[in-house]
1. If I ask for residues that are in contact (Cβ under 8 Å) with a residue 60 or more places away in the chain, open to solvent by less than 30 Å² (accessible area, probe 1.4 Å) and not hydrophobic (A, V, I, L, M, F, W, C), which ones from segment 552-585 would you list?
2. Quick check on segment 477-485. Is at least one of its residues open to solvent by less than 40 Å² (accessible area, probe 1.4 Å), part of a helix (DSSP H, G or I) and over 15 Å from T203 (Cβ atoms)?
3. Checking the condition more than 29 Å from H749 (Cβ to Cβ) and of a type outside the set (D, E), which residue from V700, V694, V705 passes?
4. Take the residues in segment 621-665 that are within 20 Å of L605 (Cβ to Cβ) and open to solvent by 30 Å² or more (accessible area, probe 1.4 Å), then tell me which one is modelled with the highest pLDDT.
5. Under 8 Å by Cβ, and 6 or more places apart or on different chains, what pairs join a residue from segment 181-202 that is among the acidic types (D, E) with one that is open to solvent by less than 60 Å² (accessible area, probe 1.4 Å) and part of a helix (DSSP H, G or I)?
6. Output the number of residues of segment 135-159 satisfying the condition of being part of a helix (DSSP H, G or I), closer than 17 Å to G109 by Cα and either among the hydrophobic types (A, V, I, L, M, F, W, C) or touching a residue at least 40 places away in the same chain (Cβ under 8 Å) (or both).
7. For the condition among the basic types (K, R), assigned to a loop (DSSP other than H, G, I, E, B) and farther than 27 Å from F186 by Cα, what is the one hit in K299, K289?
8. Looking only at segment 36-66, count how many residues are open to solvent by less than 70 Å² (accessible area, probe 1.4 Å) and assigned to a helix (DSSP H, G or I).
Amino acid sequence: MTAPVKLLDACTDSGAPEIQEQDITRALVTRLRKILQEGQTALRAAYEAKGNAAAMLRGRSAMVDGVLREIWRHFSLPGSLALVAVGGYGRGSLYPASDVDILLLLPDGVDGKHDASIEQTVGVLWDIGLDVGHSVRSVAECIEEAERDITVQTSLLEARLIAGSRKTFSTFNAKLRAHLNPLAFFKAKLLEHEERYARHNDTPYSLEPNCKESPGGLRDLQVILWISRAAGLGGSWRELAKNELITQGEARQLQRVEAFLCHVRIRLHLLAKRREEKLMFDHQEALAKALGIQRSEAKRASELLMQRYYRNAKHVTQLNTILLQNLGERISPATPRVPIVIGEHFQTDRDMLDVRDENIFELHPPAILESFLILQQRSELKGMTARTLRALWRARGRIDAKFRRDPANRMLFLSLFQQKRGLVHEFRRMNQYDILGHYLPAFGKIVGQMQHDLFHVYTVDQHILQVMRNVRRYTMLEFTHEYPLCSRLIAGFERHWLLYVAALFHDIAKGRGGDHSKLGMVDARRFCAEHGISAEDTDLVVFLVEHHLTLSSIAQKQDLADLDVIRGFADLVKTERRLIALYLLTVADIRGTSPKVWNAWKGKLLEDLYAATRRLLSGATPQQALGLAGRQEEARGILRFHGLRPGIEEAFWEQLDTAYFMRHDAEEIAWHTRILYHRPDAAEPVVKARVNQVGEGLQVMVYVVDQAELFARLCGFFSRLGYSIADAKIHTTRHGYALDSFILLDPSHQLPYRDMTALLEHDLIERLKTRPPLEPPTTGRLSRQVRHFPITPEVSIRPDEKGQYHIMSIVAADRPGLLHSIALVLSRHDVDLHTAKIATLGERVEDTFLISGKELAKTATLVRLEQELLDAMQV
């Protein structure tokens, strides 16, 4: 709600009494602002000295109570009105920077004659420095709004009278309770809970979790108490234990995990000096220090903090699952039914898997894996009962070396990969209750492990489970629209469950030091041997783990128009089955790092390399493998579709060499041809831009007589407009024209691509015609990831195998103007650019350029060039 006009900014000349009243109010505001400032300072000092989170939260709430009561008395509002605290403030838990949510409650039938006094009251609250969220409602309006909006109903459930009419407040409370339907409230909060989990990708293990809203955060605990309070089952963990919804041990554990989250949130507010709920990289190191966490020999303090946070979040989600289930059973008791027995050890209870004996996992440990297998095989089961989950957690230690050596247990574990449904849910459940980490100790070591790079947004274990999920989605009809090629390929792939095994092991060796792909393949080979996987399938899994980064690296860094590149990759994969498997795993892996890393352009690169390699493995000649003739024929078909007569393209195409046709797809070739076929010798620059046909961004074509410093000029122009270059195809025709193509992306997502095309075309043509002096690179704000996880720039310049060109590879942290800076250095050294392969992985840039120039042949000048490039790439 917009803040009302402040009282002190609305002075009038209405007479001496009004002026005197304003002076009194001004004095009150000054005094109360001082009380709040001094009180906040005292609360912080006490918290720093004693570390009592509850005292801090209660203390701020009590301090604000006193201030509000004084304001209420000052304005002498009618006795029938009530000032009510709601939300977190209502339950007396006010964090250092939290909003103060209040309700000005009116009895039914009151007219609007008090509006001015109410507005003045709220105005003063803003004047004294409180961030106020306020509403003004009658009792009837409160009830009506509560029935319509579950968020309002939840907030009112914690209402607490601060000042004013106790009678009005009691009437409101009685009516709210009378209209409250515990079952409907439970169902609504459950839906809200599921939506919140989905919004956070169903995981507490993002690298920057929200300590309030993420799964495993404070909201998970609050929703339990809201539901139990609505149902009259208690408003504290002790009361829930008394009502036998949880054990006394679980109540103590809930108090511990809640206290930790309270400390985290308090410290975040104090560090940020504002309402901050997200454990951003900017705060993690300082937060660890504030919580007394010291770095170890192997890990930063921030890493130890986050591991502790993830452990805490795991306990929260476990207890949340158990309590939601118990509350549901208590609020809506099912009609007693005879349990359906499932085998020797299990039965069904309200469509949930239940143990027949709570000690069965201790007495018969193989039942641990059997329970997950049953859930996969029986679609009617929605999960496990609370007592089953408790029993699983207690018995996780029974999965020891002897358990892992048992052939029957190995067979059970392997069968989990082979089921038609439930793979992702059950592996996530196994991880949640530490079953997976006990069965695979190597996996247990990467649970909660941070990834300090610039593109992963999940811990290692969660990234692995995300990749498994992505592979699984290829097999599901409802997701065939996402990646149709992947869905078609996996449909014909025998024993596709092997891809799940490869996904599980592809990053399992991270954090050990050394090449995690090489170390992981050793683990994968041992697993396959121990679990009776055939030699052929073992070789496939090991190959995928060893080379899970290879296809992506070649597609994004090497020239896919180079026959030797395709041939070398085909020699590596050897068979179509390996190629298909590697392609499927690579797409799943990239998609599982971060939503920002995957884009349609990157997907096209992977698909182009896959298609060319598959044609070569199928017996095509190298030229056929690249699809040159087919691409030209397809481009001709597009030209005919647009009404151009046959043969009209030939004169223009004679100026283009084979490399051009191999680097551009048929649609691009046809687009260029339609623009240029009638003006191959254009006297003035030709610039055309359009919305990218594959994914987001702009496609820009530049056609101009080749000129010095052209690439640097283009990079500078695009950078000034705020675009980053996602792809650049640099080509020189046989008759000396530059035909360059770019894919431009807007990192800020603020530039409307379609609206920018005409402006870009006009201004760039003028820039190319006038050739003004090159401008210095633009500077911009660095991302938080780059600031906290800096990358040491790397540059490598080496001749290609034919000795005709040099290949320049750079690795650096992405920043505004980076490519422009590199282009300026190349221009100063008269280095010509022939192709550019731009690969941005989150905030990490790994670009490859094909270059030529006299200075590249001399060691002294080459060293100077490399040093200048390193200087230009420094953040």
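The values are calculated or read from the model by the stated rules, or taken from the named source; none is laboratory data. The structure displayed is predicted, hence computed values, not measured ones. So basically every Cβ, Gly included, is an ideal-geometry build from the backbone, and we count neighbours across all protein chains shown. To get the accessible areas, we keep the full protein, side chains included, count just its heavy atoms, and leave off ligands, DNA and RNA. Shrake-Rupley method; radii C 1.70, N 1.55, O 1.52, S 1.80 Å.
1. Q556, Y583 - these are the residues of segment 552-585 that are in contact (Cβ under 8 Å) with a residue 60 or more places away in the chain, open to solvent by less than 30 Å² (accessible area, probe 1.4 Å) and not hydrophobic (A, V, I, L, M, F, W, C).
2. yes
3. Just a single option satisfies the conditions, and that option is V705.
4. Across segment 621-665, the extreme among qualifying residues is E634.
5. E192/I150; E192/V223
6. Residues that pass the stated criteria total 4.
7. Being among the basic types (K, R), assigned to a loop (DSSP other than H, G, I, E, B) and farther than 27 Å from F186 by Cα holds for just one of K299, K289, which is K299.
8. Summing the residues that are open to solvent by less than 70 Å² (accessible area, probe 1.4 Å) and assigned to a helix (DSSP H, G or I) in segment 36-66 gives 21.
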